[in-house]
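The structure under discussion appears below in the form of C-alpha coordinates.
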Amino acid sequence: MTETERGCPYSHVDFGLDTEIYGHYALLDGHREESRFHFNDTTRRGFYMLQRYDDVLEGFQRHETWTTHVRSALNPEPGTALLPQDLNGEAHAKLRRVLNPFFAPAAVKRMTPMAHERCVELIEELRPKGSCDFVAEFAIRYPTDLFLALLGLPVSDGEFFLPWSETLFAGFFGGDPAAAAAAKANIIAYFTEAVRERRANLRDPREDMVSRLVEARIDGEPISEQDILTICMTLMLAGLDTTRSALGYIYTHLARHEEDRRAIVADPGLIPAAVEEFVRLYPLVIQAGREVQEDGEFHGLDLRRGDVMWLGIGSANRDPRKFPEPDRFVLGRKGVNQHLAFGAGPHRCLGMHLARLELAVVLKEWHERIPDYRIKEGTTLVERGGQLTLKTLPLEWEV
Amino acid sequence: MYIAIDAGRCMGHGRCYAVAEDLLSDDEQGYVAQCGQTLQIPEGLLGQARDAADACPEGAISILEHARADA
Ligand code: HEM
Ligand code: SF4
(Lines give C-alpha, C1' and ligand atoms only; values in the text may rest on other atoms or scores of the structure.)
(Ligands and ions follow the chains in the order given, each with its own letter.)
Protein backbone atom coordinates (compact mmCIF):
# COMPACT_ATOMS: atom_id res chain seq x y z
CA MET A 1 0.00 0.00 0.00
CA THR A 2 1.20 3.49 -0.75
CA GLU A 3 1.07 5.93 2.12
CA THR A 4 -1.35 8.80 1.63
CA GLU A 5 -2.12 12.18 3.19
CA ARG A 6 -5.89 12.87 3.12
CA GLY A 7 -6.16 10.31 0.35
CA CYS A 8 -3.34 11.80 -1.67
CA PRO A 9 -0.19 9.77 -2.45
CA TYR A 10 3.07 11.05 -1.05
CA SER A 11 5.90 12.47 -3.10
CA HIS A 12 9.32 12.43 -1.48
CA VAL A 13 11.07 14.13 -4.39
CA ASP A 14 13.05 17.26 -3.54
CA PHE A 15 12.52 19.51 -6.55
CA GLY A 16 15.10 21.93 -5.19
CA LEU A 17 18.03 19.66 -6.11
CA ASP A 18 20.18 20.00 -9.22
CA THR A 19 19.76 17.37 -11.95
CA GLU A 20 21.01 16.78 -15.44
CA ILE A 21 19.23 18.92 -18.03
CA TYR A 22 15.50 18.03 -18.34
CA GLY A 23 15.69 15.94 -15.16
CA HIS A 24 12.90 17.96 -13.55
CA TYR A 25 10.55 17.54 -16.49
CA ALA A 26 11.00 13.78 -16.34
CA LEU A 27 10.15 13.79 -12.62
CA LEU A 28 7.16 16.07 -13.10
CA ASP A 29 5.80 14.04 -16.02
CA GLY A 30 6.09 10.88 -13.97
CA HIS A 31 4.26 12.44 -11.02
CA ARG A 32 1.45 13.86 -13.12
CA GLU A 33 0.72 10.55 -14.82
CA GLU A 34 0.95 8.55 -11.60
CA SER A 35 -1.68 10.47 -9.65
CA ARG A 36 -3.78 13.59 -10.15
CA PHE A 37 -2.55 15.10 -6.85
CA HIS A 38 0.43 14.47 -4.59
CA PHE A 39 1.37 15.53 -1.10
CA ASN A 40 5.07 16.38 -1.05
CA ASP A 41 6.78 16.10 2.33
CA THR A 42 10.26 17.39 1.52
CA THR A 43 9.70 20.80 3.13
CA ARG A 44 8.76 21.62 6.72
CA ARG A 45 5.14 22.49 5.84
CA GLY A 46 4.75 20.10 2.93
CA PHE A 47 2.55 20.97 -0.04
CA TYR A 48 -0.26 19.68 -2.22
CA MET A 49 0.73 19.40 -5.86
CA LEU A 50 -1.71 20.32 -8.66
CA GLN A 51 -0.30 18.98 -11.91
CA ARG A 52 -2.86 18.77 -14.69
CA TYR A 53 -3.39 21.78 -16.91
CA ASP A 54 -7.03 22.31 -15.92
CA ASP A 55 -6.26 21.99 -12.22
CA VAL A 56 -3.31 24.37 -12.32
CA LEU A 57 -5.28 27.00 -14.23
CA GLU A 58 -8.15 26.69 -11.77
CA GLY A 59 -5.67 27.06 -8.92
CA PHE A 60 -4.43 30.37 -10.32
CA GLN A 61 -8.01 31.53 -10.68
CA ARG A 62 -8.93 30.73 -7.06
CA HIS A 63 -7.11 33.87 -6.05
CA GLU A 64 -9.70 35.00 -3.55
CA THR A 65 -8.96 32.20 -1.12
CA TRP A 66 -5.55 30.95 -2.32
CA THR A 67 -3.17 33.82 -1.79
CA THR A 68 0.49 34.66 -2.29
CA HIS A 69 1.14 34.63 1.45
CA VAL A 70 3.13 31.66 0.20
CA ARG A 71 4.84 32.51 -3.12
CA SER A 72 6.81 29.32 -3.62
CA ALA A 73 5.73 25.92 -2.36
CA LEU A 74 9.40 25.00 -2.00
CA ASN A 75 10.18 28.01 0.12
CA PRO A 76 7.05 29.00 2.03
CA GLU A 77 8.77 31.38 4.45
CA PRO A 78 8.09 35.08 3.74
CA GLY A 79 11.77 35.96 2.96
CA THR A 80 12.54 39.04 0.86
CA ALA A 81 9.58 41.38 0.37
CA LEU A 82 8.34 41.45 -3.23
CA LEU A 83 5.88 43.83 -4.86
CA PRO A 84 3.36 43.39 -6.39
CA GLN A 85 3.61 39.64 -5.57
CA ASP A 86 2.99 39.97 -1.83
CA LEU A 87 -0.25 41.89 -2.23
CA ASN A 88 -3.61 40.29 -2.89
CA GLY A 89 -7.14 41.41 -3.78
CA GLU A 90 -7.89 45.10 -4.27
CA ALA A 91 -4.51 46.34 -2.97
CA HIS A 92 -2.75 44.15 -5.53
CA ALA A 93 -5.02 45.31 -8.36
CA LYS A 94 -4.36 48.96 -7.51
CA LEU A 95 -0.59 48.59 -7.68
CA ARG A 96 -0.83 46.55 -10.89
CA ARG A 97 -2.81 49.40 -12.45
CA VAL A 98 0.14 51.72 -11.75
CA LEU A 99 2.69 49.28 -13.18
CA ASN A 100 0.82 47.61 -16.07
CA PRO A 101 1.12 50.53 -18.52
CA PHE A 102 4.93 50.19 -18.49
CA PHE A 103 4.77 46.52 -19.37
CA ALA A 104 1.84 46.47 -21.78
CA PRO A 105 2.54 45.59 -25.42
CA ALA A 106 2.34 49.24 -26.48
CA ALA A 107 5.02 50.28 -23.95
CA VAL A 108 7.23 47.34 -24.79
CA LYS A 109 7.01 48.32 -28.46
CA ARG A 110 8.59 51.68 -27.58
CA MET A 111 11.62 49.81 -26.26
CA THR A 112 12.07 47.77 -29.44
CA PRO A 113 14.70 49.89 -31.27
CA MET A 114 16.86 50.06 -28.14
CA ALA A 115 16.41 46.32 -27.54
CA HIS A 116 17.75 45.53 -31.03
CA GLU A 117 20.62 47.98 -30.77
CA ARG A 118 21.88 46.65 -27.45
CA CYS A 119 21.50 43.05 -28.56
CA VAL A 120 23.59 43.63 -31.69
CA GLU A 121 26.33 45.30 -29.63
CA LEU A 122 26.60 42.34 -27.31
CA ILE A 123 26.60 39.79 -30.13
CA GLU A 124 29.24 41.70 -32.08
CA GLU A 125 31.42 41.72 -29.01
CA LEU A 126 31.26 37.92 -28.78
CA ARG A 127 31.23 36.91 -32.42
CA PRO A 128 34.97 37.26 -33.18
CA LYS A 129 35.78 35.00 -30.23
CA GLY A 130 34.21 31.93 -31.83
CA SER A 131 33.00 30.59 -28.49
CA CYS A 132 31.45 31.72 -25.21
CA ASP A 133 29.69 30.56 -22.13
CA PHE A 134 26.31 31.62 -23.45
CA VAL A 135 24.77 31.79 -19.97
CA ALA A 136 27.34 34.04 -18.31
CA GLU A 137 28.57 36.05 -21.27
CA PHE A 138 25.31 36.75 -23.02
CA ALA A 139 22.06 35.41 -21.56
CA ILE A 140 22.34 37.29 -18.26
CA ARG A 141 23.95 40.44 -19.63
CA TYR A 142 21.24 41.23 -22.12
CA PRO A 143 18.23 41.27 -19.77
CA THR A 144 20.29 43.16 -17.18
CA ASP A 145 20.96 45.93 -19.67
CA LEU A 146 17.30 46.13 -20.69
CA PHE A 147 16.23 46.16 -17.05
CA LEU A 148 18.44 49.20 -16.44
CA ALA A 149 16.99 50.87 -19.52
CA LEU A 150 13.48 50.17 -18.26
CA LEU A 151 14.32 52.08 -15.09
CA GLY A 152 15.76 54.90 -17.20
CA LEU A 153 19.30 54.12 -16.02
CA PRO A 154 22.45 54.02 -18.16
CA VAL A 155 22.93 50.62 -19.78
CA SER A 156 26.67 50.99 -19.18
CA ASP A 157 26.00 50.57 -15.43
CA GLY A 158 25.51 46.89 -16.21
CA GLU A 159 29.22 46.49 -15.82
CA PHE A 160 29.13 46.90 -12.04
CA PHE A 161 25.44 46.10 -11.52
CA LEU A 162 25.68 42.60 -12.95
CA PRO A 163 28.22 41.21 -10.45
CA TRP A 164 26.01 42.48 -7.61
CA SER A 165 22.84 40.88 -8.93
CA GLU A 166 24.69 37.63 -9.68
CA THR A 167 26.05 37.46 -6.15
CA LEU A 168 22.60 38.14 -4.74
CA PHE A 169 21.01 35.38 -6.90
CA ALA A 170 23.73 32.97 -5.90
CA GLY A 171 22.81 33.70 -2.27
CA PHE A 172 19.22 32.47 -2.84
CA PHE A 173 20.52 29.18 -4.18
CA GLY A 174 23.06 28.28 -1.53
CA GLY A 175 25.85 30.81 -2.19
CA ASP A 176 27.77 32.87 0.38
CA PRO A 177 25.18 34.74 2.54
CA ALA A 178 27.60 37.49 3.62
CA ALA A 179 28.53 38.29 0.03
CA ALA A 180 24.84 38.24 -0.92
CA ALA A 181 23.97 40.70 1.87
CA ALA A 182 26.76 43.05 0.78
CA ALA A 183 25.59 42.85 -2.85
CA LYS A 184 22.02 43.57 -1.78
CA ALA A 185 23.17 46.67 0.13
CA ASN A 186 24.99 47.91 -2.98
CA ILE A 187 21.92 47.37 -5.14
CA ILE A 188 19.63 49.17 -2.69
CA ALA A 189 22.05 52.10 -2.46
CA TYR A 190 22.14 52.25 -6.26
CA PHE A 191 18.32 52.24 -6.56
CA THR A 192 18.01 54.79 -3.73
CA GLU A 193 20.28 57.14 -5.64
CA ALA A 194 18.32 56.58 -8.86
CA VAL A 195 15.00 57.39 -7.15
CA ARG A 196 16.49 60.47 -5.47
CA GLU A 197 17.78 61.72 -8.82
CA ARG A 198 14.38 61.20 -10.40
CA ARG A 199 12.56 63.01 -7.59
CA ALA A 200 14.81 65.98 -8.30
CA ASN A 201 14.38 65.71 -12.11
CA LEU A 202 10.95 64.27 -12.78
CA ARG A 203 10.50 62.98 -16.35
CA ASP A 204 7.28 62.31 -18.26
CA PRO A 205 5.43 59.85 -15.98
CA ARG A 206 3.72 58.26 -18.99
CA GLU A 207 7.07 57.07 -20.32
CA ASP A 208 9.35 56.90 -17.31
CA MET A 209 8.49 54.25 -14.74
CA VAL A 210 10.41 55.65 -11.78
CA SER A 211 8.85 59.09 -12.29
CA ARG A 212 5.44 57.43 -12.36
CA LEU A 213 6.16 55.51 -9.16
CA VAL A 214 7.28 58.71 -7.45
CA GLU A 215 4.24 60.63 -8.62
CA ALA A 216 1.51 57.97 -8.37
CA ARG A 217 -1.17 58.10 -5.69
CA ILE A 218 -2.99 55.00 -4.43
CA ASP A 219 -6.08 55.97 -2.43
CA GLY A 220 -4.64 59.48 -2.23
CA GLU A 221 -1.33 58.31 -0.73
CA PRO A 222 2.03 58.31 -2.48
CA ILE A 223 3.88 54.99 -2.75
CA SER A 224 6.43 54.93 0.07
CA GLU A 225 10.14 55.16 -0.67
CA GLN A 226 10.53 51.68 0.81
CA ASP A 227 7.90 50.24 -1.54
CA ILE A 228 9.42 51.92 -4.59
CA LEU A 229 12.75 50.32 -3.76
CA THR A 230 11.03 46.96 -3.24
CA ILE A 231 9.38 47.25 -6.65
CA CYS A 232 12.75 47.95 -8.33
CA MET A 233 14.31 45.02 -6.48
CA THR A 234 11.41 42.76 -7.46
CA LEU A 235 11.69 43.61 -11.14
CA MET A 236 15.34 42.74 -10.97
CA LEU A 237 14.75 39.44 -9.17
CA ALA A 238 11.81 38.47 -11.40
CA GLY A 239 13.18 39.55 -14.75
CA LEU A 240 16.87 38.68 -15.03
CA ASP A 241 17.28 35.08 -13.92
CA THR A 242 14.10 34.02 -15.77
CA THR A 243 15.09 35.50 -19.12
CA ARG A 244 18.61 34.10 -18.81
CA SER A 245 17.19 30.68 -18.10
CA ALA A 246 14.75 30.77 -21.00
CA LEU A 247 17.60 31.65 -23.35
CA GLY A 248 19.71 28.78 -22.03
CA TYR A 249 17.04 26.18 -22.81
CA ILE A 250 16.18 27.72 -26.17
CA TYR A 251 19.80 27.75 -27.32
CA THR A 252 20.38 24.21 -26.14
CA HIS A 253 17.39 23.15 -28.22
CA LEU A 254 18.50 25.08 -31.30
CA ALA A 255 22.09 23.88 -31.05
CA ARG A 256 20.84 20.30 -30.98
CA HIS A 257 17.98 20.55 -33.52
CA GLU A 258 19.42 21.78 -36.74
CA GLU A 259 16.07 21.61 -38.57
CA ASP A 260 14.44 24.04 -36.13
CA ARG A 261 17.43 26.37 -36.29
CA ARG A 262 17.42 26.32 -40.10
CA ALA A 263 13.70 27.11 -40.10
CA ILE A 264 14.09 30.34 -38.14
CA VAL A 265 17.25 31.36 -39.99
CA ALA A 266 15.37 30.93 -43.27
CA ASP A 267 12.25 32.73 -42.09
CA PRO A 268 12.63 35.09 -39.10
CA GLY A 269 8.88 35.69 -39.37
CA LEU A 270 8.49 32.38 -37.52
CA ILE A 271 10.26 33.71 -34.45
CA PRO A 272 7.29 34.95 -32.39
CA ALA A 273 5.56 31.57 -32.77
CA ALA A 274 8.80 29.81 -31.93
CA VAL A 275 9.23 31.89 -28.77
CA GLU A 276 5.74 30.98 -27.58
CA GLU A 277 6.31 27.28 -28.16
CA PHE A 278 9.73 27.41 -26.48
CA VAL A 279 8.27 29.09 -23.44
CA ARG A 280 5.61 26.38 -23.26
CA LEU A 281 8.02 23.51 -23.81
CA TYR A 282 10.71 24.67 -21.37
CA PRO A 283 8.95 26.22 -18.38
CA LEU A 284 11.55 27.34 -15.85
CA VAL A 285 9.30 28.68 -13.16
CA ILE A 286 8.03 25.14 -12.60
CA GLN A 287 5.61 26.10 -9.84
CA ALA A 288 3.95 29.00 -8.10
CA GLY A 289 3.04 28.65 -4.43
CA ARG A 290 -0.20 29.65 -2.76
CA GLU A 291 -1.53 29.51 0.80
CA VAL A 292 -5.08 28.35 1.43
CA GLN A 293 -7.00 30.92 3.52
CA GLU A 294 -10.26 29.01 4.08
CA ASP A 295 -11.06 25.36 4.64
CA GLY A 296 -12.48 23.95 1.44
CA GLU A 297 -12.34 21.31 -1.22
CA PHE A 298 -10.66 20.96 -4.60
CA HIS A 299 -12.07 18.17 -6.80
CA GLY A 300 -12.28 15.77 -3.88
CA LEU A 301 -9.13 17.00 -2.15
CA ASP A 302 -9.87 18.27 1.37
CA LEU A 303 -8.01 21.48 2.07
CA ARG A 304 -7.55 23.36 5.32
CA ARG A 305 -6.60 26.90 6.11
CA GLY A 306 -2.81 27.17 6.08
CA ASP A 307 -2.20 24.40 3.52
CA VAL A 308 0.49 25.12 0.98
CA MET A 309 -0.40 24.60 -2.69
CA TRP A 310 2.00 23.85 -5.57
CA LEU A 311 0.55 25.17 -8.82
CA GLY A 312 2.51 22.97 -11.19
CA ILE A 313 3.30 25.14 -14.19
CA GLY A 314 6.01 22.73 -15.33
CA SER A 315 3.52 19.85 -15.27
CA ALA A 316 0.65 21.77 -16.88
CA ASN A 317 2.65 23.01 -19.87
CA ARG A 318 3.61 19.43 -20.67
CA ASP A 319 0.25 17.83 -19.94
CA PRO A 320 -0.71 15.62 -22.91
CA ARG A 321 -4.41 16.17 -22.07
CA LYS A 322 -3.94 19.77 -23.15
CA PHE A 323 -0.94 19.69 -25.51
CA PRO A 324 -0.71 16.55 -27.63
CA GLU A 325 2.85 15.19 -27.96
CA PRO A 326 3.95 17.67 -25.31
CA ASP A 327 7.67 16.86 -25.62
CA ARG A 328 7.80 17.94 -29.22
CA PHE A 329 8.61 21.43 -30.41
CA VAL A 330 5.75 22.21 -32.78
CA LEU A 331 5.92 25.54 -34.57
CA GLY A 332 2.41 26.94 -34.82
CA ARG A 333 0.99 24.49 -32.28
CA LYS A 334 -2.74 25.06 -31.87
CA GLY A 335 -3.65 26.71 -28.58
CA VAL A 336 0.00 27.27 -27.61
CA ASN A 337 -0.90 30.71 -26.27
CA GLN A 338 -2.84 29.11 -23.45
CA HIS A 339 0.32 27.75 -21.82
CA LEU A 340 0.87 28.74 -18.20
CA ALA A 341 4.61 29.58 -18.25
CA PHE A 342 3.74 33.12 -17.21
CA GLY A 343 1.08 32.06 -14.74
CA ALA A 344 -2.57 33.12 -14.90
CA GLY A 345 -5.05 35.04 -12.80
CA PRO A 346 -4.29 38.43 -11.28
CA HIS A 347 -0.61 37.67 -10.57
CA ARG A 348 0.16 36.66 -14.16
CA CYS A 349 3.64 37.78 -15.08
CA LEU A 350 4.00 41.53 -15.26
CA GLY A 351 7.01 41.23 -17.56
CA MET A 352 5.64 38.69 -20.06
CA HIS A 353 5.59 41.03 -23.03
CA LEU A 354 9.06 42.33 -22.27
CA ALA A 355 10.30 38.75 -21.94
CA ARG A 356 8.73 37.84 -25.29
CA LEU A 357 10.37 40.85 -26.91
CA GLU A 358 13.78 40.03 -25.45
CA LEU A 359 13.66 36.42 -26.59
CA ALA A 360 12.46 37.33 -30.08
CA VAL A 361 15.08 40.04 -30.55
CA VAL A 362 17.87 37.72 -29.47
CA LEU A 363 16.73 34.95 -31.82
CA LYS A 364 16.54 37.31 -34.74
CA GLU A 365 19.80 39.22 -34.27
CA TRP A 366 21.88 36.22 -33.20
CA HIS A 367 20.87 33.97 -36.09
CA GLU A 368 21.44 36.73 -38.59
CA ARG A 369 25.05 36.89 -37.36
CA ILE A 370 25.79 33.42 -36.00
CA PRO A 371 23.45 31.00 -37.79
CA ASP A 372 25.48 27.90 -36.92
CA TYR A 373 26.84 26.91 -33.54
CA ARG A 374 27.24 23.83 -31.40
CA ILE A 375 27.56 22.87 -27.77
CA LYS A 376 31.19 22.24 -26.85
CA GLU A 377 31.89 18.52 -27.06
CA GLY A 378 31.98 16.60 -23.81
CA THR A 379 29.81 19.10 -21.91
CA THR A 380 27.35 17.77 -19.33
CA LEU A 381 24.54 20.27 -18.91
CA VAL A 382 23.40 20.70 -15.33
CA GLU A 383 20.06 22.20 -14.37
CA ARG A 384 19.57 24.04 -11.10
CA GLY A 385 16.60 22.88 -9.02
CA GLY A 386 13.89 25.12 -7.59
CA GLN A 387 13.62 27.57 -10.44
CA LEU A 388 15.31 25.95 -13.40
CA THR A 389 18.33 27.40 -15.12
CA LEU A 390 21.36 25.97 -16.88
CA LYS A 391 24.53 26.63 -14.95
CA THR A 392 26.65 26.98 -18.07
CA LEU A 393 26.18 26.52 -21.80
CA PRO A 394 29.49 26.54 -23.70
CA LEU A 395 28.82 27.32 -27.38
CA GLU A 396 31.26 27.31 -30.30
CA TRP A 397 31.00 28.58 -33.87
CA GLU A 398 33.27 29.22 -36.86
CA VAL A 399 34.63 32.73 -37.17
CA MET B 1 -22.07 35.29 -34.58
CA TYR B 2 -20.85 37.21 -31.56
CA ILE B 3 -17.66 37.41 -29.54
CA ALA B 4 -18.06 38.05 -25.82
CA ILE B 5 -15.26 39.00 -23.43
CA ASP B 6 -15.83 38.36 -19.76
CA ALA B 7 -14.46 41.32 -17.79
CA GLY B 8 -14.28 39.22 -14.64
CA ARG B 9 -11.94 36.72 -16.27
CA CYS B 10 -9.78 38.91 -18.51
CA MET B 11 -6.39 39.44 -16.84
CA GLY B 12 -4.66 41.24 -19.66
CA HIS B 13 -2.49 38.48 -21.10
CA GLY B 14 -2.83 40.23 -24.41
CA ARG B 15 -2.89 37.10 -26.53
CA CYS B 16 -6.31 37.72 -28.08
CA TYR B 17 -5.54 41.01 -29.79
CA ALA B 18 -2.18 39.66 -30.92
CA VAL B 19 -3.93 36.98 -33.00
CA ALA B 20 -7.07 38.98 -33.92
CA GLU B 21 -5.69 42.34 -34.98
CA ASP B 22 -8.64 43.27 -37.14
CA LEU B 23 -11.19 42.57 -34.45
CA LEU B 24 -9.67 43.44 -31.09
CA SER B 25 -7.27 46.04 -29.75
CA ASP B 26 -5.36 46.80 -26.57
CA ASP B 27 -5.81 49.48 -23.94
CA GLU B 28 -2.93 51.18 -22.16
CA GLN B 29 -2.97 48.61 -19.34
CA GLY B 30 -2.50 45.79 -21.84
CA TYR B 31 -6.06 44.50 -21.43
CA VAL B 32 -8.23 43.96 -24.46
CA ALA B 33 -10.01 47.26 -25.09
CA GLN B 34 -13.28 45.41 -25.79
CA CYS B 35 -13.23 43.82 -22.31
CA GLY B 36 -16.75 43.29 -20.97
CA GLN B 37 -18.39 43.70 -24.38
CA THR B 38 -20.27 41.46 -26.74
CA LEU B 39 -19.61 42.34 -30.38
CA GLN B 40 -21.08 41.13 -33.59
CA ILE B 41 -18.32 39.47 -35.61
CA PRO B 42 -17.94 41.22 -38.98
CA GLU B 43 -18.00 39.22 -42.18
CA GLY B 44 -14.78 37.29 -42.73
CA LEU B 45 -13.43 37.63 -39.19
CA LEU B 46 -14.91 34.52 -37.63
CA GLY B 47 -11.54 32.77 -37.97
CA GLN B 48 -9.79 35.52 -36.04
CA ALA B 49 -12.50 35.44 -33.40
CA ARG B 50 -12.03 31.71 -32.89
CA ASP B 51 -8.24 32.16 -32.75
CA ALA B 52 -8.70 34.81 -30.08
CA ALA B 53 -10.86 32.46 -28.01
CA ASP B 54 -8.25 29.69 -28.42
CA ALA B 55 -5.43 32.03 -27.42
CA CYS B 56 -6.86 33.29 -24.13
CA PRO B 57 -5.35 31.42 -21.17
CA GLU B 58 -8.12 32.58 -18.86
CA GLY B 59 -11.00 31.29 -20.95
CA ALA B 60 -12.38 34.84 -20.99
CA ILE B 61 -13.57 34.76 -24.61
CA SER B 62 -16.61 32.97 -25.98
CA ILE B 63 -18.06 32.76 -29.44
CA LEU B 64 -21.85 32.90 -29.35
CA GLU B 65 -24.60 32.19 -31.82
CA HIS B 66 -26.76 34.94 -30.31
CA ALA B 67 -25.94 37.98 -28.19
CA ARG B 68 -26.84 37.14 -24.59
CA ALA B 69 -29.75 39.17 -23.28
CA ASP B 70 -27.79 40.21 -20.21
CA ALA B 71 -24.64 41.22 -22.07
C1 HEM C 1 10.74 33.96 -19.60
C2 HEM C 1 10.72 34.81 -18.64
C3 HEM C 1 9.74 34.84 -17.49
C4 HEM C 1 8.98 33.83 -16.96
C5 HEM C 1 8.94 32.36 -17.37
C6 HEM C 1 8.20 34.42 -15.89
C7 HEM C 1 7.27 33.74 -15.12
C8 HEM C 1 6.44 34.30 -14.18
C9 HEM C 1 5.39 33.62 -13.47
C10 HEM C 1 5.03 32.15 -13.63
C11 HEM C 1 4.78 34.51 -12.65
C12 HEM C 1 3.57 34.24 -11.74
C13 HEM C 1 3.97 33.92 -10.33
C14 HEM C 1 2.78 33.65 -9.45
O15 HEM C 1 1.64 33.57 -9.91
O16 HEM C 1 2.98 33.51 -8.24
C17 HEM C 1 5.47 35.77 -12.81
C18 HEM C 1 5.17 36.91 -12.10
C19 HEM C 1 5.88 38.08 -12.22
N20 HEM C 1 6.87 38.36 -13.16
FE21 HEM C 1 7.61 37.11 -14.55
N22 HEM C 1 8.50 35.76 -15.79
C23 HEM C 1 9.43 36.05 -16.75
C24 HEM C 1 10.00 37.29 -17.01
C25 HEM C 1 9.73 38.44 -16.30
C26 HEM C 1 10.32 39.73 -16.56
C27 HEM C 1 11.27 40.05 -17.71
C28 HEM C 1 9.84 40.58 -15.59
C29 HEM C 1 10.08 42.05 -15.35
C30 HEM C 1 10.92 42.82 -15.89
C31 HEM C 1 8.94 39.82 -14.74
C32 HEM C 1 8.27 40.33 -13.64
C33 HEM C 1 7.30 39.65 -12.93
C34 HEM C 1 6.58 40.23 -11.80
C35 HEM C 1 6.75 41.62 -11.23
C36 HEM C 1 5.68 39.25 -11.36
C37 HEM C 1 4.69 39.34 -10.20
C38 HEM C 1 3.34 39.77 -10.70
C39 HEM C 1 2.31 39.86 -9.60
O40 HEM C 1 2.44 39.22 -8.56
O41 HEM C 1 1.35 40.61 -9.81
N42 HEM C 1 8.90 38.53 -15.20
N43 HEM C 1 6.46 35.62 -13.76
S1 SF4 D 1 -6.14 36.97 -24.00
FE2 SF4 D 1 -7.81 36.79 -22.54
S3 SF4 D 1 -7.00 37.59 -20.64
FE4 SF4 D 1 -5.69 38.29 -22.29
S5 SF4 D 1 -6.40 40.32 -22.87
FE6 SF4 D 1 -7.38 38.84 -24.19
S7 SF4 D 1 -9.28 38.34 -23.14
FE8 SF4 D 1 -7.99 39.31 -21.65
| field | Net +/- balance of residues flanking A:T389 in space, Cβ distance below 14 Å, scoring K and R +1, D and E -1 | value | -3
| If you add up the charges near A:P105, with Lys and Arg at +1 and Asp and Glu at -1, over every other residue whose beta carbon is less than 12 angstrom from its beta carbon, what do you get? | 0
| So how exposed is A:D55, as accessible area in Å² (1.4 Å probe, rounded to 10)? | 10 Å²
| request: Springs between alpha-carbon atoms under 10 Å, Gaussian network over chain A: tell me which of A:P78, A:P128, A:P205 tops the mean-square fluctuations. | output: A:P128
| field | Of A:D302, A:D133, A:D208, the one that fluctuates the most in a GNM where chain A has Cα springs shorter than 10 Å | value | A:D302
| note | Taking Cα pairs closer than 8 Å and at least 6 residues apart, the relative contact order of chain A in percent is 29 percent
| remark: Taking r as the C-beta separation of A:T392 and B:A67 and R0 as 51 Å, the FRET efficiency to the nearest 0.05 is 0.35
| said: Once each part is reduced to its C-alpha centroid, what is the distance from the stretch A:326-395 to the stretch A:141-183 in angstrom? | reply: 21 Å
| request: Work out which helices of chain A, taken as complete DSSP H runs, extend at least 30 Å along their axis over the Cα atoms and score a mean Kyte-Doolittle of -0.5 or more, then list them. | output: A:105-126, A:177-200, A:225-256
| Using a Gaussian network model of chain A with C-alpha springs under 10 Å, which one of A:G269, A:G59, A:G16 is most mobile by mean-square fluctuation? | A:G269
| query | Quick one: length gained pulling A:T4 to A:D302 fully straight, 0.36 nm per residue minus the C-alpha distance? | reply | 106.0 nm
| request: Along each of the three principal axes of the Cα atoms of chain B, give the extent in whole Å, ordering the values from largest to smallest. | output: 29, 26, 19
| task | Between A:A181 and A:T112, with labels modelled 7 Å along Cα→Cβ, what's the label distance in nm to one decimal, could you check? | result | 4.7 nm
| Under 26 Å Cα-Cα from A:K94, which lysines qualify once same-chain neighbours fewer than 8 residues away are excluded? | A:K109
| said: Can you classify chain A as rounded, prolate or oblate using the Cα gyration tensor, where a ≥ b ≥ c are the square roots of its eigenvalues, rounded means a/c under 1.5, and otherwise it's prolate if a/b beats b/c and oblate if not? | reply: oblate
| query | By how many nm would the segment from A:V330 to A:H257 lengthen if fully extended, with 0.36 nm per residue of separation less the alpha-carbon distance? | reply | 25.0 nm
| request: Averaging sequence separations of C-alpha pairs under 8 Å and six or more residues apart, then dividing by the length of the stretch A:1-75, give the relative contact order as a whole percent. | output: 27 percent
| task | For A:K184, go through the lysines and keep the ones whose alpha-carbon is under 23 Å away, minus same-chain ones fewer than eight residues off. | result | A:K391
| request: Quote the FRET efficiency, to the nearest 0.05, computed for A:E225 versus A:E121 with a Förster distance R0 of 35 Å and r equal to the Cβ-Cβ distance. | output: 0.55
| A:D133 to B:Q40: FRET efficiency via 1/(1 + (r/R0)^6), r the Cβ-Cβ distance, R0 41 Å, to the nearest 0.05? | 0.15
| request: Work out how much length A:D14 to A:R374 would gain on full extension: take 0.36 nm times their residue separation and subtract the Cα-Cα distance, in nm to one decimal. | output: 126.4 nm
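The values are calculated or read from the model by the stated rules, or taken from the named source; none is laboratory data. Model, not experiment: these values are computed from the prediction. In this analysis, Cβ positions are derived from the backbone assuming ideal geometry, glycine residues included, and neighbour counts consider all displayed protein chains. The accessibility values were calculated without ligands, DNA or RNA, using every heavy atom of the protein model including side chains. Shrake-Rupley method; radii C 1.70, N 1.55, O 1.52, S 1.80 Å.
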